[in-house]
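The values are calculated or read from the model by the stated rules, or taken from the named source; none is laboratory data. Remember, it's a predicted structure, so these values are computed and weren't measured experimentally. Note that we place each Cβ from the backbone using ideal geometry, even for glycine, and neighbour counts take in every protein chain shown. Note: accessible area is taken over every heavy atom of the protein model, side chains too, but ligands, DNA and RNA are not part of it. Shrake-Rupley method; radii C 1.70, N 1.55, O 1.52, S 1.80 Å.
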Amino acid sequence: MNNMLVTGGCGFIGANFVRYLLEESDFTGRIVNVDKLTYAGNPENLADIETDYKDRYIFIKADICDGKKMAQIFEQYGIDSVCHFAAESHVDRSIVKPDAFIQTNIIGTFNLLESARIHQSRMRLFHHISTDEVYGSLGMEGYFTETTPYKPNSPYSASKASSDHLVRAYYKTYGLPITISNCSNNYGPYQFPEKLIPLIILNAFEGKPLPVYGDGRNVRDWLYVKDHCIAIWTIMKIGTPGETYNVGGNSELENINVVEMICDILDEKNTLSDGRSRRDLITFVKDRPGHDLRYAIDFSKLNKNLNWSPKESFETGIRDTIQWYMDNRKWVERVRSGEYKKWIETHYG
Ligand code: NAD
Ligand code: DAU
């Protein structure tokens, strides 16, 4: 893999992955990062990488829904591998306005597959990043395995399921070398503060209400983003083409427990000015429509076949994440105020 196309590299997981690949992994090739820079894409996440890795990192502002542009990029940069993150990723937004989810997650993925198929002779691997949400919802027992039938419940998860099927079909029909990973909830640095963990960290820090959907008893499995990045690179290097791998964090928690842990850690650091515990800020709000009750991942295939397991526990990962948001207030303010969009306009038009 000499010329890897990374899509969505300016988003949360993509930026962590580019950073991991260049700074810590044994990858020796070049990365071409294609990102449309939606509200969730912030090239400032990789500003130092752009300077420090001039010869191995190229950023292109482009939309994966533009098939001609994608074909031109594959041709111009001799793309021989793909790690496809670009997506609309927030379930709540997909409920309010699903349009962009259908375009980017389905049509965008199709465009990339077509470009990869045209250049199939040099294509080493097309790795597709997916989610455990394609499997639907569990009751209080059991785990998702790679053979669990797909049963997506939100426009977001349905669009991701659709893209997974396309990727798999290109392997079966055309022999395109693909792998797919279905991962649980990530958390860590650079996550856009609309998702539960960064939203709660920032609101709790500032003494604002902490919105918890429904009764807060929904369960998610939490994975520290760097562990996800290591899993992806492991699959890309030694995974079997045509295969799907589940990735999980071994950290199932009810939402209310996650929120309470964040409150307690922040209270340890400093108390609110009125002396209240941050748990008093918890506000139960109207539930998400079609809210999946529980996700839990069986990642024994990835563990047994490729020797991967998560290194970070939730207890340590959440502390590091809270500290990152405390140490990066400027990033938070620029993302929240939309200030970074002005920077994008000046740099990339
Ligand atoms: P994110 O929303 O933080 O980032 C998405 C990135 O894709 C942004 O940089 C955005 O600008 C870019 N993008 C969106 N539409 C585009 C388009 N049309 N063309 C080019 N770029 C476009 O998302 P994330 O949380 O980093 O998720 C990345 C991938 O991982 C997604 O495919 C998501 O479904 C999957 N995933 C996420 C999680 C999670 O917990 N965050 C878990 C499992 C799987
Ligand atoms: O499981 C993997 C998925 O995890 C990814 O595919 C998605 O891209 C990613 O966004 C995430 O989806 P969730 O819907 O699980 O994540 P979110 O952070 O939005 O919500 C986590 C849980 O917290 C969920 O049960 C809803 C709840 N929640 C969320 C928000 C934003 C709240 O109770 N209050 C909130 O304000």
Picking from Gly216, Gly78, Ala47, whose Cα lies most toward the positive end of the charge dipole for the chain (charges on Cβ: Lys, Arg +1; Asp, Glu -1)?
-> Gly78
DSSP beta bridges in the chain: the antiparallel percent, rounded to 5, is 10
Name the chymotrypsin sites (Phe, Trp or Tyr not before Pro) in segment 122-157 that are in a loop by DSSP and that have at most 16 other C-beta atoms within 10 Å, would you?
-> Tyr150
Binning at 10 Å from 0, report for segment 94-138 what percent of all alpha-carbon pair distances ends up in each bin.
-> 21, 40, 29, 10, 0
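Relative contact order for segment 116-198: what percent, with Cα pairs under 8 Å and sequence separation of 6 or more?
About 40 percent, as a whole number.
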Long-range amide H contacts for Val82: which residues qualify at under 5 Å (H placed 1.01 Å from N, peptide plane, sequence gap of 5 or more or a different chain)?
-> Leu5, Leu125, Phe126, His127
Among the aspartates and glutamates, which fall within straight-line cross-link reach of Lys208, defined as a Cα-Cα distance under 13 Å, with same-chain neighbours fewer than 8 residues apart omitted?
-> Asp274, Asp280
Net +/- balance of residues flanking Asp164 in space, Cβ distance below 12 Å, scoring K and R +1, D and E -1 | -1
Take every Cα-Cα pair in segment 1-78 and report what % of them are more than 18 Å apart.
-> 35
Among all the aspartates and glutamates, which ones have a C-alpha under 12 Å from Lys237's C-alpha, if same-chain residues fewer than 8 places away are not counted?
-> Asp26
In debye to the nearest 20, how big a dipole does the chain give about its Cα centre with +1 on each Lys and Arg Cβ and -1 on each Asp and Glu Cβ?
-> 760
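Can you tell me which of 91-101, 73-83, 47-57 comes out highest on packing, and rank the rest after it, using the mean Cβ neighbours within 10 Å?
Final packing ranking: 73-83, 91-101, 47-57.
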Alpha-carbon Rg with Dmax, taken over segment 119-163, Å | 13.9, 46
Normalised contact order of segment 56-175, rounded percent, pairs of Cα under 8 Å and 6 or more residues apart | 31
Potential extension, Thr51-Val96 segment - 0.36 nm per residue separation minus Cα distance | 12.4 nm
Mean separation of Cα contacts under 8 Å (at least 6 apart) over the residue count of the chain, i.e. the relative contact order in percent, is 18
Projecting the Cα atoms of Pro155, Ser137, Leu176 onto the charge dipole of segment 110-189, where Lys and Arg contribute +1 and Asp and Glu -1 at Cβ, the residue farthest towards the positive end is Leu176
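For the chain, divide the Cα radius of gyration by the Kirkwood radius and give the resulting Rg/Rh value with two decimals.
0.95
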Cα-based Debye curve of segment 111-208 sampled at q = 0.18, 0.24, 0.25 Å⁻¹ gives log₁₀ I(q)/I(0) of -0.94, -1.19, -1.23
What is the set of long-range amide H partners of Thr38 at a cut-off below 5 Å, with H atoms built 1.01 Å from backbone N?
-> none
Please list, in chain and number order, the residues 5+ apart from Val247 or on another chain whose amide H is under 5 Å from its amide H, with Hs placed from the backbone.
-> Asn182, Cys183, Ser184
Tell me, what ³J(HN,Hα) does each residue in segment 49-59 have, in order and in whole Hz, if you take phi through Karplus 6.51 cos²θ - 1.76 cosθ + 1.60 with θ = phi - 60° and put x for Gly and Pro?
-> 5, 4, 7, 6, 10, 3, 7, 10, 9, 10, 10
Carbon and sulfur %, accessible surface of segment 138-239 computed with the full protein complex present, 1.4 Å | 55
Reciprocal of mean inverse Cα separation for segment 161-241 (Kirkwood radius, Å) = 15.7
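Expressed as cubic angstrom per residue, what is the convex hull volume of the alpha carbon set of segment 123-273?
Measuring per residue, one finds 131 Å³ for the Cα hull of segment 123-273.
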Reciprocal mean inverse distance between Cα atoms of segment 11-170 - Kirkwood radius, Å | 16.8
Any lysines whose Cα falls less than 16 Å from that of Lys341, other than same-chain ones fewer than 8 residues away, would be Lys36, Lys61, Lys330
Share of Cα-Cα pairs in segment 49-98 beyond 18 Å, in percent?
-> 50
